[in-house]
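Below: the structure, in C-alpha cells.
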Amino acid sequence: MSALGREVQARLDEGRPELAWRAAAEGLQHDALQVREHARRLLHDLTPLLPLAAWTEAHETLAVRLHIPQRPRPLGPGVARFPAVFGRLGRLVTVTVSISNTPQDALPAGHEGLRQAFDAARSALGDPTLRFSASFDPAEGWDGASAGLALGLAAVSAAHLDLDLSLIVATGGLNAAGDVMTVGQIAEKQGLCREAAPRATLLTPRDAALRLPLGAHPVGTLHEALRWAGHGGDDPVRRLILVRGAQAEGRWEDAAALAEPLLADLRLSADQLGELLTVCLAAANHSADAARQATLAASLTATLDELDGAALAQAVGNLTVKAIDALDLHGAAKALSLTPPSAVKPRHRVHLLGPAALLHTLSGEHHEALHLREQALKIANDDERPRAMGDLADALMRAGHAEEARSQAQAALQLATKATHRQDYQRRTSSFLRLHLARALALLSRRDEALAELEDVRLLPGLDPALRGKLLHAELTQDLAAAQGLHQSFGASGLLRALTLRTLARLGDGQATQELLALPVFAGLSVEEAARRLPY
Amino acid sequence: MRLAAAGALRDAPPWLTLTKGAGWEIALTRDDDGAPVVLCSDPAATASVDGVALTPTITAVGARFPATPGAWSVTHSGGITRFGVDP
C-alpha cells in the first residue's frame with residue numbers, strides 16, 4: 001500500500017474518518033500526479049464513510065470538483081453517536097438499538113450498567129412492554145455511563161423511525177426516570193465534536209459545570225433531548241422558524257435557547273443573525289441578565305447595518321431597553337436615535353414606541369410616556385392589544401391616573417382571557433396584566449383586592465413578573481424581612497438591585513433609600529419620584 | 001473501521017507515465033470503473049485521437065480522457081504532445 005493509503009487507513013483505524021478525509025485531501029497537493037490521482041480515488045471511497053455531521057460545505061465543494069457522486073448517508077433508525085475521549089485521542093462511538101422480541105433487554109457484556117437508559121426510553125415511548133437490543137461500534141475501548149443518553153435516544157429512534165439523529169451527538173448518563181446525569185470531560189468531548197462532527201449539536205447534561213460554547217445544547221431530561229433532536233434537524237432556517245414561533249408565544253427564554261446554537265451557523269445570512277441576536281437580547285432583557293445583555297448588545301450593534309424594517313426596529317428597541325435596564329439615560333437615548341420611531345414605517349413603529357416610552361418614564365416625562373403608550377395601543381394588532389392596554393395602564397399610573405389605570409388593566413385582562421388565538425401568549429400576558437391591576441388597586445388603597453390579584457403572579461416560575469409580584473406583595477404586607485430576602489437573593493446589581501431597593505425604600509429602609517437616590521439617574525429626586533421613574 | 005474489510009479501499013491506481021515536463025504530466029491509468037484513461041495534469045488540456053476531439057472529464061486533479069486507441073494529440077500548458085495508444 002502507498003504511503004498515502006497507509007496514512008488514510010491509520011486514521012480510519014483510529015475511528016476518525018474525517019481525519020482520513022483530511023489526509024487524503026492533502027494528498028491532492030502532492031507534486032506527483034499519481035499521488036494526486038490516488039488521493040482523488042481515496043476521497044471517492046471515503047465519502048460514504050463520513051458521518052453526515054462531518055460533511056461541511058468545504059467537503060461538498062471538493063466532492064463536486066472531484067465528481068464524487070456519493071454523499072454521506074443519514075444514520076437511520078435506532079442509531080446514535082456519543083463521544084468517547086481517552087487522553088489526547090477520542091472518537092465517536094456508534095450505538096445501534098433494535099426492538100427485540102426477547103423477554104429481556106440485551107446489552108453487550110460490560111455495559112449492563114446502561115440498562116436504565118432503556119427504562120427511560122420505554123417511559124418516553126409509553127410502552128413498558130418494549131424490549132431492546134444494543135450493540136456498539138467499536139464494542140470496546142471506551143468506558144462509562146456517558147453513553148446512556150445516546151442509548152436512550154437510539155432506543156426511542158428504533159421505535160420512532162422518523163427520529164433522525166444524524167446531526168446529534170449526545171453525552172450524559174441517563175437514569176430510569178429519564179434524568180440526564182453529569183459526566184466528565186465535557187470540554188474534551190466538545191473539542192472532539194468540533195473536529196469529528198462539526199455540523200452536529202452536542203447534547204450535554206444541563207448541569208455540566210462550564211459555560212457551553214455554541215454548538216452544544218444542555219438538556220436535563222431525555223424528553224428535552226428528544227424535543228431538541230426532533231426539532232433540531234440540520235436546517236437552520238427550520239430552526240429559525242422555531243425561534244420565531246417561541247418568540248411569538250412570548251417564550252423569550254425558549255426562543256433564546258433555540259437561537260443561541262444558531263449564532264455560529266455560517267449558513268445563516270447577516271440579517272438572520274441579527275434577528276437571532278435580537279431574540280437572545282430580548283430574553284436577556286426579560287431576565288435582567290446584565291452581563292449577557294452587554295455581550296449581546298455589542299454583537300447586535302455590529303450587525304445593525306444588515307437589518308431593516310421590523311428586524312431593525314426590534315433590534316433598536318431591544319438595545320434601548322438594555323440601556324434603560326442599566327439605568328443609562330444617555331445610552332438609551334443614543335440607542336433610540338439609531339432609528340427613532342418616526343423613521344420607521346407605521347407598522348414597525350410598535351417595536352420602538354414601548355422602549356421610547358420607557359425612556360420618557362426614566363426621564364420623568366410621564367405624560368410623554370403616556371402619549372406614546374396611547375399611540376402604541378392605536379396601532380397594536382388584535383393579538384398585541386391586551387399587552388398594549390397593560391402598558392397604557394402602567395403609564396396611566398405613573399401619570400397619576402390610578403382609577404383609569406385600574407379600569408384599563410381590568411379590560412385588558414378580560415380581553416386576554418377571551419382571546420381565541422395565541423392562547424399561550426395571552427396566558428403569559430395575563431400574568432403581567434394582573435400585576436398592573438394589583439399595582440393600580442394598591443394605589444387606590446384597595447389592598448386586599450391587590451393581594452388577591454397577586455396570588456397567582458408571585459407564584460409563577462421564572463423571574464418576571466414573579467419577582468415584581470413578590471416585591472409588591474412585600475410592600476402591601478409591610479413585610480420588610482421578605483423584601484430583604486428578595487434583595488439578598490436577586491439584588492446583586494443592576495436593575496434588579498434598583499427594584500429591590502425601591503421596595504426596601506418604600507418600607508422605610510433608610511440605607512436602601514440612600515443608595516437608591518445615590519444612583520446618578522435619580523440624583524436630587526424624592527423617593528416617590530425615583531420610585532415612579534424606575535420602569536417596571 | 002477498515003475500508004479494506006468493505007472491499008472499498010483502493011490502492012494507488014495502475015500507472016504509466018507517458019510523458020512529463022516542468023509542471024505537467026500525461027499518464028495512462030484507470031478510472032473509478034476500471035476503464036483505461038489518459039490523465040493530463042493540466043485541467044485545461046484538450047485532446048484528439050486521429051483528429052477527432054475528445055470530451056474530457058475535468059477534476060481537481062486534471063483532465064481525464066477515455067484511452068481510445070489511435071494517434072493522440074494533447075494540447076496542454078507545456079505545449080503539444082503526440083503519442084499513440086494501442087488497442
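Could you please let me know if A:Gln116 is part of a helix (DSSP H, G or I), open to solvent by 40 Å² or more (accessible area, probe 1.4 Å) and more than 11 Å from chain B (Cβ to nearest Cβ)? Show your work before the answer.
Details: part of a helix (DSSP H, G or I): yes; open to solvent by 40 Å² or more (accessible area, probe 1.4 Å): yes; more than 11 Å from chain B (Cβ to nearest Cβ): yes.
Considered against the rule, which asks whether it is part of a helix (DSSP H, G or I), open to solvent by 40 Å² or more (accessible area, probe 1.4 Å) and more than 11 Å from chain B (Cβ to nearest Cβ), A:Gln116 comes out as yes.
May I ask you to say which residue of A:Ala369, A:Ala311 is of a type outside the set (Lys, Arg), more than 21 Å from the chain's Cα centre (by Cα) and not in a loop (DSSP other than H, G, I, E, B)? Please lay out each step first, then the result.
Numbers: A:Ala311 fails: more than 21 Å from the chain's Cα centre (by Cα).
None of the others qualify; the one that does is A:Ala369.
Take A:Ala419 and decide whether it is of a type in the set (Gly, Ala, Ser), farther than 30 Å from A:Gly491 by Cα and under 28 Å from the mean Cα position of the chain (by Cα). Quick ask: steps written out before the conclusion?
Numbers: of a type in the set (Gly, Ala, Ser): yes; farther than 30 Å from A:Gly491 by Cα: yes; under 28 Å from the mean Cα position of the chain (by Cα): yes.
Yes.
Scan region A:126-172 for residues that are among the aliphatic types (A, V, I, L, M), exposed (fewer than 15 other Cβ atoms within 10 Å of the Cβ) and either free of Cβ contacts under 8 Å to residues at least 60 places away in the same chain or part of a helix (DSSP H, G or I) (or both) and jot them down. So that I can check it myself, show each step before the final result.
Pass one, region A:126-172, residues among the aliphatic types (A, V, I, L, M): A:130, A:134, A:139, A:145, A:147, A:149-151, A:153-156, A:158-159, A:161, A:163, A:165, A:167-170.
Narrowing further to those that are exposed (fewer than 15 other Cβ atoms within 10 Å of the Cβ): A:139, A:161.
Matches in region A:126-172: A:Ala139 only.
Which is within 9 Å of chain A (Cβ to nearest Cβ) and either in contact (Cβ under 8 Å) with a residue 12 or more places away in the chain or over 19 Å from A:Gly27 (Cβ atoms) (or both), of B:Thr68, B:Thr29? Step through it out loud before you land on a result.
Details: B:Thr68 fails: within 9 Å of chain A (Cβ to nearest Cβ).
None of the other options fit; the residue is B:Thr29.
Search region A:357-379 for residues being among the small types (Gly, Ala, Ser) and surrounded by fewer than 22 Cβ atoms within 10 Å (Cβ to Cβ), and hand back the single one that is farthest from A:His401 (Cα to Cα).
First, the residues of region A:357-379 that are among the small types (Gly, Ala, Ser): A:357, A:363-364, A:369, A:376.
Pick out the ones that are also surrounded by fewer than 22 Cβ atoms within 10 Å (Cβ to Cβ) and you get A:363-364.
Working: A:Ser363: 19, A:Gly364: 15 Å.
By that ranking, first place goes to A:Ser363.
Within the bounds of region A:426-433, is there any residue that is within 26 Å of A:Glu475 (Cα to Cα), aromatic (Phe, Trp, Tyr) and under 32 Å from the mean Cα position of the chain (by Cα)? Walk me through how you get there before you give the answer.
Taking region A:426-433 first, the residues within 26 Å of A:Glu475 (Cα to Cα) are A:427-433.
So of that shortlist, the ones also aromatic (Phe, Trp, Tyr) come out as A:432.
Then drop every residue that is not under 32 Å from the mean Cα position of the chain (by Cα), which leaves A:432.
Yes, region A:426-433 contains a residue that is within 26 Å of A:Glu475 (Cα to Cα), aromatic (Phe, Trp, Tyr) and under 32 Å from the mean Cα position of the chain (by Cα).
Would you tally the residues in region A:519-529 being touching a Lys or Arg at 6+ places or on another chain (Cβ under 9 Å) and under 17 Å from A:Ser493 (Cα atoms)?
Residues that pass the stated criteria total 2.
Here's the yes/no breakdown for (1) in contact with a Pro (Cβ under 7 Å, 6 or more places away or on another chain); (2) closer than 20 Å to A:Ala531 by Cβ; (3) assigned to a helix (DSSP H, G or I):
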residue: A:Pro386; (1), (2), (3): no, no, yes
residue: A:Ser407; (1), (2), (3): no, no, yes
residue: A:Leu413; (1), (2), (3): no, no, yes
residue: A:Thr429; (1), (2), (3): yes, no, yes
residue: A:Ala440; (1), (2), (3): no, yes, yes
residue: A:Ser445; (1), (2), (3): no, yes, no
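For region A:66-89, give me the residue count where each residue is at positive phi and either crowded, with 21+ Cβ neighbours inside 10 Å or touching a Pro at 6+ places or on another chain (Cβ under 9 Å) (or both).
Filtering region A:66-89 for residues at positive phi gives A:67, A:76, A:78, A:87.
Then keep just the ones that are either crowded, with 21+ Cβ neighbours inside 10 Å or touching a Pro at 6+ places or on another chain (Cβ under 9 Å) (or both); that gives A:78.
Qualifying residue count, region A:66-89: 1.
Which of the residues belonging to region A:181-202 are surrounded by fewer than 15 Cβ atoms within 10 Å (Cβ to Cβ) and more than 24 Å from A:Thr47 (Cα to Cα)?
Correct list: A:Gly184, A:Ala187.
Do we find a residue being without any contact (Cβ under 8 Å) to a residue 40 or more places away in the chain, crowded, with 24+ Cβ neighbours inside 10 Å and basic (Lys, Arg) anywhere in region A:409-430?
no
Could you tell me whether region A:54-61 includes any residue that is open to solvent by 60 Å² or more (accessible area, probe 1.4 Å) and more than 30 Å from B:Asp33 (Cβ to Cβ)?
no
Step by step: first the residues of region A:37-49, then only those that are surrounded by 22 or more Cβ atoms within 10 Å (Cβ to Cβ) and out of contact with any Lys or Arg (no Cβ under 7 Å at 6 or more places or on another chain), then the one that is farthest from A:Val95 (Cα to Cα). Which residue is that?
A:Glu37
Considering only residues of region B:36-55 that are out of contact with any strand residue (DSSP E or B) (no Cβ under 6 Å at 6 or more places or on another chain) and not in a strand (DSSP E or B), which is nearest to A:Arg36 (Cα to Cα)?
Among those that are out of contact with any strand residue (DSSP E or B) (no Cβ under 6 Å at 6 or more places or on another chain) and not in a strand (DSSP E or B), it is B:Ala44.
Sort out which residues of region A:286-315 are within 22 Å of A:Ala466 (Cβ to Cβ) and either modelled with pLDDT of 85 or more or open to solvent by less than 10 Å² (accessible area, probe 1.4 Å) (or both), and write them in order of number. Spell out the reasoning first.
Applying the first criterion (within 22 Å of A:Ala466 (Cβ to Cβ)) to region A:286-315 yields A:286-293.
Those that are within 22 Å of A:Ala466 (Cβ to Cβ) and either modelled with pLDDT of 85 or more or open to solvent by less than 10 Å² (accessible area, probe 1.4 Å) (or both): A:Arg292, A:Gln293.
Restricting to region B:1-18, count the residues that are outside any helix (DSSP H, G or I), modelled with pLDDT under 90 and within 7 Å of chain A (Cβ to nearest Cβ). Give the derivation first.
Our first condition is that a residue be outside any helix (DSSP H, G or I); within region B:1-18, this holds for B:1-2, B:7-18.
Remaining after also requiring modelled with pLDDT under 90: B:1-2, B:7-13.
Those still in the list that are within 7 Å of chain A (Cβ to nearest Cβ) too: B:1-2, B:8-13.
Summing the residues that are outside any helix (DSSP H, G or I), modelled with pLDDT under 90 and within 7 Å of chain A (Cβ to nearest Cβ) in region B:1-18 gives 8.
Looking only at region A:458-474, which residues are part of a helix (DSSP H, G or I) and either at pLDDT below 80 or open to solvent by 60 Å² or more (accessible area, probe 1.4 Å) (or both)?
Going residue by residue through region A:458-474, those that are part of a helix (DSSP H, G or I) are A:466-474.
Within region A:458-474, A:Lys470 is the sole residue that qualifies.
Would you check which residues across region A:493-524 are in a loop (DSSP other than H, G, I, E, B) and in contact with a Gly (Cβ under 8 Å, 6 or more places away or on another chain) and list them? Steps first, please.
In the first step, residues of region A:493-524 are kept if they are in a loop (DSSP other than H, G, I, E, B); the result is A:493, A:507-509, A:518-519, A:523-524.
The answer is none; no residue qualifies.
Is it the case that A:Gly110 is open to solvent by 20 Å² or more (accessible area, probe 1.4 Å), among the small types (Gly, Ala, Ser) and out of contact with any strand residue (DSSP E or B) (no Cβ under 9 Å at 6 or more places or on another chain)? If you could, list the steps in order and put the result at the bottom.
Numbers: open to solvent by 20 Å² or more (accessible area, probe 1.4 Å): yes; among the small types (Gly, Ala, Ser): yes; out of contact with any strand residue (DSSP E or B) (no Cβ under 9 Å at 6 or more places or on another chain): yes.
So A:Gly110 passes the test.
Matching residues to (1) more than 12 Å from every other protein chain (Cβ to nearest Cβ); (2) in contact with a Cys (Cβ under 6 Å, 6 or more places away or on another chain):
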{"site": "B:Lys20", "(1), (2)": "no, no"}
{"site": "B:Gly34", "(1), (2)": "no, no"}
{"site": "B:Ser48", "(1), (2)": "yes, no"}
{"site": "B:Thr55", "(1), (2)": "yes, no"}
{"site": "B:Gly62", "(1), (2)": "no, yes"}
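The values are calculated or read from the model by the stated rules, or taken from the named source; none is laboratory data. Computed from a predicted structure; not experimentally measured. When we count neighbours, we look across all protein chains shown, and the Cβ atoms used for this are built from the backbone with ideal geometry, even at glycine. Ligands, DNA and RNA are excluded from the accessible area calculation, which covers all protein heavy atoms including side chains. Shrake-Rupley method; radii C 1.70, N 1.55, O 1.52, S 1.80 Å.
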